[in-house]
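Working notes, structure below.
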Amino acid sequence: MRWNLFARREPAPAPAVRRREPSFKPPRASLRDFQGGVVDMLTSDAPLLTRSGNAAIRPALRVMRSRSRQLAENNDYMREYLRVLVKKVLGHKGIRVAVRAMRDANTVDQVDSDYLEQSFETWAAEGTCTVCGRYSWNDVQQMVLRTAARDGEILVRMVKGFPNRWGFALQLIEADQLDENLNVARGAGYGGIDKPTANEIRMGVERDPWGRVVAYHVFNRHPGDDIGIWQDQTRYMRLDAADTLHVFMPDRVDDARGAPWAWTSLRRLLMMGGYEEAELVAARLGASKGGFFEETVDGEVTGDGSDAAGNIIQDVQPGQFERLPPGVTFKAYDPQHPTAGFGAFMKIMLRGAAAGGGVGYNGIAKDLEGVNYSSLRQGELDDRDFYKLIQDWLVRKLCAPVYTAWLDMGLLKPGALALPPSKRDKFNAAVWHPRGWPWVDPQKDITADAQAINLGVKSRTQVCAESGVDFEDVLRQTRQDLDLAEKYKIPLGTGDPKLMPPAPADDPLAAVPQSGGNNP
């Protein structure tokens, strides 16, 4: 046997190295640590998740939206929650526009301002401002607010070039048409698009590498519509973000979609509805107090007849007692429902549900039992701060963009606005006036505002804005009142003695003191 000393020897295989995946190790309990970050036997059931906002909301979005709609259709408290938002945030007039077109830094061009306000009001009428012709601008505001609160989001498409006088109208699109299952990485393609997109599509929202929204990919038809089929071979329609308003309140930094505002209350309200129904059925059974005949082998009850199933029927009249045969006893059935703690329990649950929606319990439950003036005032002021946040949000996300787009189309289309397009910046000066609220204690609140004005820490414009009116409109109406009073020679208290018209010497009312003359 010969050995080849120059044969190549294969190196021995290297031992396999097991790579340890990074894992989260809960910290040990210590009094020196943040107790909120300690995992022990009492907090081990709390999940430790690091998912992004989009990853967290995507699998639950459709379910939350469906449950929120179900509650809005069948739950009294959810319906009242949506009504309270519309009443308190918008009121019966909605958010109104006032144009302040300036000639220079200190002079308002009242002619152009009034013309733009009247033109916008003409467009805002029912039959003009929406493509379907069924809604007014006030209806659109209510629909957007109600849908955003119930569904979490809504799309408002600004259709430029629409065949009406202004060449501009709005189209409302529900969130169901924005497919949350459409997720495409950069460089990939999908059905309905001719070429791969260079941007990311997250839950139907197309964004560039910086996260700026570029477009929305929506279904041609509502996916829940049971009438008709797809109109063409393209399943999705791409809407440019410059012409589409995606109205929703993000909860986390990178959220692409919005969730129903009361999402933390959905489970509670659903279970409360089932519990309330069960208590109602039990109370109805208890009000029909019945019982059972229990007999031995020697006794028999014949009663006053029997039903189709063979059950014995006993006719009972008030004040009447029946003698039972020997060996027969009666066992009463008397369920005690609702229980004694039913009312207190429902109050606690409703307080939590109202807090999840951001409004007060008393407003949703219509319960003023045990409420005094101080607590009611404090709760009302706290709710108003929340309503102001929503008003500002609606102005930024809906009202201001719609007015700017309407102005641009009106200036460009011949015959829409009789104004020069070169002064577009001058005309794009809309001031929005949401509704205000009456004073909780008028005498004290008005006195406090008067003192603030006298001290110079608050202006009359600010006081009027807090009441939901425009100070310039107040002055204009006051001037009209004074002119009318002067025409009929009747003095009026105006808040400023200098503005009071002089009363004629022979006027019998001249000696009557007028109220309000010393108010600032």
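The values are calculated or read from the model by the stated rules, or taken from the named source; none is laboratory data. Please read these numbers as outputs of a predicted model, since none were measured by experiment. Here the Cβ is made from the backbone with ideal geometry for all residues, glycine too, and neighbour counts use every protein chain on show. Surface accessibility is based on the protein's heavy atoms, side chains included, excluding ligands, DNA and RNA. Shrake-Rupley method; radii C 1.70, N 1.55, O 1.52, S 1.80 Å.
In table form, for the structure just shown:
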| read-out | value |
| --- | --- |
| Criterion violated by R79 - all others in (1) assigned to a helix (DSSP H, G or I); (2) buried (at least 18 other Cβ atoms within 10 Å of the Cβ); (3) under 17 Å from the mean Cα position of the chain (by Cα) satisfied | (2) |
| Checklist (1) within 22 Å of M249 (Cα to Cα); (2) of a type in the set (A, V, I, L, M, F, W, C); (3) open to solvent by 40 Å² or more (accessible area, probe 1.4 Å) applied to M102, failing item | (1) |
| Qualifying residue in the stretch 165-179 (condition: aromatic (F, W, Y), part of a loop (DSSP other than H, G, I, E, B) and touching a Lys or Arg at 6+ places or on another chain (Cβ under 9 Å)) | yes |
| Filter result for the condition that a residue is open to solvent by 80 Å² or more (accessible area, probe 1.4 Å) and part of a loop (DSSP other than H, G, I, E, B), over K489, K458, K444 | K489 |
| Qualifying residue in the stretch 87-94 (condition: within 29 Å of the chain's Cα centre (by Cα), open to solvent by 80 Å² or more (accessible area, probe 1.4 Å) and within 25 Å of G224 (Cβ to Cβ)) | no |
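Residues checked against (1) surrounded by fewer than 21 Cβ atoms within 10 Å (Cβ to Cβ); (2) of a type in the set (K, R); (3) closer than 25 Å to L419 by Cβ:
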position: R134; (1), (2), (3): yes, yes, no
position: W137; (1), (2), (3): no, no, yes
position: R146; (1), (2), (3): yes, yes, no
position: A149; (1), (2), (3): no, no, no
position: I154; (1), (2), (3): no, no, no
position: R157; (1), (2), (3): yes, yes, no
position: K160; (1), (2), (3): yes, yes, yes
position: F168; (1), (2), (3): no, no, yes
position: L178; (1), (2), (3): no, no, no
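Listed here are the residues, each with its yes/no results for (1) touching a residue at least 60 places away in the same chain (Cβ under 8 Å); (2) outside any loop (DSSP other than H, G, I, E, B); (3) open to solvent by 80 Å² or more (accessible area, probe 1.4 Å).
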| site | (1), (2), (3) |
| --- | --- |
| M346 | yes, yes, no |
| L350 | yes, yes, no |
| L368 | no, no, yes |
| S375 | no, yes, no |
| G379 | no, yes, no |
| F386 | no, yes, no |
| L389 | no, yes, yes |
| R396 | no, yes, yes |
